[in-house]
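A short write-up of the structure that comes next.
The values are calculated or read from the model by the stated rules, or taken from the named source; none is laboratory data. Predicted model only: the values in this text are computed from it and were never measured. In this analysis, Cβ positions are derived from the backbone assuming ideal geometry, glycine residues included, and neighbour counts consider all displayed protein chains.
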């Protein structure tokens, strides 16, 4: 890592510290439990909830039509996986989410970078973006169907629309929060504009950008759920709507569990990106 990048890391660390004289230390309980212990602890509450749910369902305190037992949901998942229906629907939904995320993320990052660097671009773009951001998915859905029909384009468009805004806002915020002294240092070192952006501005803005990615991953699935409720012939949302017609609460609960597990996996991927891309950063490199 170059001297300039080390300076960026040091400055970011000092900005994150509560006071200049107090180090941003590791949490005191980490050595006691260790990383594996903390990981196991994070699953205690979900596991306890599932166990209590199973006991109450088997005791008859919860009607199967209201909330089937976890064992019934697992059995349904095995059957749907065996006949190939669940893997196909899951794969379709993942492809839609990935395509929408790639498009929306690219647009959000490009607009956020432009607005972050230019007050003129902010005046021209930001107000319109904020107005569109305030429109709920359900309100814009009829218009999107008129434009694109009920095919794949409509679903990918809604996902892209939802993903754009978290990345746009956090990219803009991250660029604006870069310490001007670091930029001045880069200029003193003789860095050109592109090198200044690549080696100082974007690394300094990266923590905020990756926070936007985490929010965008959650929003992508929210948008996809809305998109797959209309005119879909495959996907997890379609599976849930089809189960509703036949009062299959076990399948409905299964789709909810799948969404939750996908959310956990997506957040884990985002955290992995943070650890890899922010290895130089004192707050991310080794303590998370």
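Based on what the data block shows, is residue 191 surrounded by fewer than 19 Cβ atoms within 10 Å (Cβ to Cβ), assigned to a helix (DSSP H, G or I) and touching a helix residue (DSSP H, G or I) at 6+ places or on another chain (Cβ under 9 Å)?
It is false that residue 191 is surrounded by fewer than 19 Cβ atoms within 10 Å (Cβ to Cβ), assigned to a helix (DSSP H, G or I) and touching a helix residue (DSSP H, G or I) at 6+ places or on another chain (Cβ under 9 Å).
Mind listing whichever residues of segment 44-75 are free of Cβ contacts under 8 Å to residues at least 40 places away in the same chain, exposed (fewer than 13 other Cβ atoms within 10 Å of the Cβ) and not in a helix (DSSP H, G or I)?
Scanning segment 44-75 gives 59, 60, 61, 63.
Here are 268, 260: which of them is out of contact with any strand residue (DSSP E or B) (no Cβ under 8 Å at 6 or more places or on another chain), loosely packed, with under 13 Cβ neighbours inside 10 Å and under 30 Å from residue 202 (Cβ atoms)?
Criteria check complete, one pass: 268.
I'd like to check something: does segment 225-238 contain any residue that is closer than 30 Å to residue 114 by Cα and crowded, with 21+ Cβ neighbours inside 10 Å?
yes
If you scan segment 243-257, which residues turn out to be surrounded by fewer than 16 Cβ atoms within 10 Å (Cβ to Cβ) and at pLDDT below 90?
Listed by number, the residues that qualify are 244, 245, 246, 247.
Can you list residue pairs whose Cβ atoms sit under 8 Å apart, with the first residue in segment 96-107 being farther than 9 Å from residue 167 by Cα and the second being outside any helix (DSSP H, G or I)? Count only pairs 6 or more apart in sequence or on different chains.
96/228; 96/235
Results for (1) in a loop (DSSP other than H, G, I, E, B); (2) under 14 Å from the mean Cα position of the chain (by Cα); (3) within 26 Å of residue 70 (Cβ to Cβ); (4) without any contact (Cβ under 8 Å) to a residue 60 or more places away in the chain, shown as yes or no for each residue.
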| residue | (1), (2), (3), (4) |
| --- | --- |
| 208 | no, yes, no, yes |
| 211 | no, yes, no, yes |
| 218 | no, yes, yes, yes |
| 226 | no, no, no, no |
| 229 | yes, no, yes, yes |
| 232 | yes, no, no, no |
| 241 | no, no, yes, yes |
| 247 | yes, no, yes, no |
| 266 | no, yes, yes, yes |
